[in-house]
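Working notes, beginning with the structure itself.
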Amino acid sequence: MKKSRFSDSQIMDALKRVEAGLSVPDVCRELGVSVATFYKWRAKFGGMDTSLMARMKELEEENRRLKKMYIEEKIKADIVAEALAKKW
């Protein structure tokens, strides 16, 4: 998972500044991010506060870990099934 160089509070601050009337290009220029990045942030985090944002990131990480665990167990089960299917 790609780690953002911006903290949750920095992202929330940028979103709030645009909501307060600053232009997206001005905020992006100040932060050194593209307009596309800002809109990705808004699509993903718009309407959240920093605690919800942190919780969502925790859940995404847990989901990533569980998917990896599932894939590993599936591979093990496939290997066992293949070995049992062979005639000894």
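A short reminder: the numbers here are calculations on the coordinates, not readings from a lab. Predicted, not measured: the structure shown is a model, and the values here were computed from it. Glycine gets a Cβ as well: all are built from the backbone with ideal geometry, and neighbour counts include every protein chain shown.
Please enumerate the residues belonging to the range 1-51 that are of a type in the set (D, E) and out of contact with any Ser or Thr (no Cβ under 7 Å at 6 or more places or on another chain).
Residues satisfying the conditions are D13, E19, D26, E30, D49.
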Worksheet item: Yes or no: L52 under 14 Å from the mean Cα position of the chain (by Cα), of a type outside the set (S, T, Y) and surrounded by 10 or more Cβ atoms within 10 Å (Cβ to Cβ)?
Response: yes
Discussion item. Of everything in the range 1-57, what is of a type in the set (K, R) and either closer than 27 Å to K68 by Cβ or in contact (Cβ under 8 Å) with a residue 12 or more places away in the chain (or both)? Give them in sequence order.
Written reply: K2, K3, R5, K40, R42, K44, R55, K57
Response to the item:
Going through the range 30-41 in order, the residues found to be part of a helix (DSSP H, G or I) and surrounded by 12 or more Cβ atoms within 10 Å (Cβ to Cβ) are L31, V35, T37, F38, Y39, K40, W41
Worksheet item: Would you say F45 is in contact with a Cys (Cβ under 6 Å, 6 or more places away or on another chain) and closer than 27 Å to E61 by Cβ?
Response: no
